[in-house]
Amino acid sequence: MSCNKALESIRKILNFSIKSNTHSKIFEKVNLISAGNGQCVAEMVVEEQHTNGYGTLHGGFTAAAVDYLSSLALMTHPRIVEDIGSAPNSGVSVDIHVSYLNSAKIGDKIVINSETVKLGRNLAFLKVTLLRKDDNVVVAQGSHTKFVG
């Protein structure tokens with residue numbers, strides 16, 4: 001599947017999730033930039049709805065972004081992408097770790113890079129980095145392990 005088709009497919013999945021009025025609604029301001037070969041790049045501007053009481057990017061939002069966007073990246077992996085149009089299945093989370101390294105405030109543009117590090121028979125190992133776009137400072141890094149067997 002081409003990268004353009006993969007991007008179109010995961011945009012549809014994201015939009016469906018947002019409209020389903022579930023927790024994924026928090027990603028309505030996330031813009032998918034590229035996708036394919038087990039990777040996904042997204043951007044967003046931090047708005048008040050994404051912040052904590054200190055006016056900076058909320059850790060819960062960040063953890064949810066690691067979970068969801070790495071799952072979208074996984075769905076574009078060549079071994080999984082055949083099923084993306086019919087019955088997308090990104091597996092089940094086994095472990096998620098997030099390191100919060102810097103803050104991002106309202107108005108900051110964030111780039112979210114998600115990648116499939118390894119896809120084994122039963123487990124997928126994923127990595128996500130959130131960067132402030134203006135100065136390339138890493139805001140957070142996450143790892144995500146999923147059962148896909």
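Observations, loosely collected:
- One residue from Ala63, Ala35 being touching a residue at least 12 places away in the same chain (Cβ under 8 Å), buried (at least 17 other Cβ atoms within 10 Å of the Cβ) and either outside any helix (DSSP H, G or I) or of a type in the set (Asp, Glu) (or both): Ala35
- Residue list for region 9-32, restricted to those being surrounded by 15 or more Cβ atoms within 10 Å (Cβ to Cβ) and either part of a helix (DSSP H, G or I) or in contact with a Gly (Cβ under 7 Å, 6 or more places away or on another chain) (or both): Ser9, Ile10, Ile13, Leu14, Ser17, Ile18, Ser24, Ile26, Phe27
- Search result, residues across region 104-125 that are of a type in the set (Lys, Arg) and free of Cβ contacts under 8 Å to residues at least 40 places away in the same chain: Lys118, Arg121
- Checked against (1) closer than 21 Å to Thr145 by Cα; (2) at pLDDT 95 or above; (3) open to solvent by 30 Å² or more (accessible area, probe 1.4 Å); (4) not basic (Lys, Arg), Ala42 passes all but a single condition, namely (3).
- So Pro88, is it over 15 Å from the mean Cα position of the chain (by Cα), farther than 20 Å from Gln141 by Cβ and at pLDDT 85 or above: no
- Verdict on Leu131 being aliphatic (A, V, I, L, M), buried (at least 18 other Cβ atoms within 10 Å of the Cβ) and without any contact (Cβ under 8 Å) to a residue 24 or more places away in the chain: yes
- Screening region 108-127 for residues that are within 17 Å of Leu74 (Cβ to Cβ) and assigned to a loop (DSSP other than H, G, I, E, B) and picking the one that is least open to solvent (accessible area, probe 1.4 Å) gives Gly120.
- Any hit, region 97-107, residues being within 15 Å of the chain's Cα centre (by Cα), open to solvent by less than 20 Å² (accessible area, probe 1.4 Å) and of a type in the set (Gly, Ala, Ser): no
The values are calculated or read from the model by the stated rules, or taken from the named source; none is laboratory data. Since this is a predicted model, take the numbers as computed values, not measurements. Neighbour counts are summed over all protein chains in view; Cβ atoms, including those assigned to glycine, are modelled from backbone coordinates with ideal geometry. Keep in mind that these areas ignore ligands, DNA and RNA; they rest on the heavy atoms of the full protein, side chains included. Shrake-Rupley method; radii C 1.70, N 1.55, O 1.52, S 1.80 Å.
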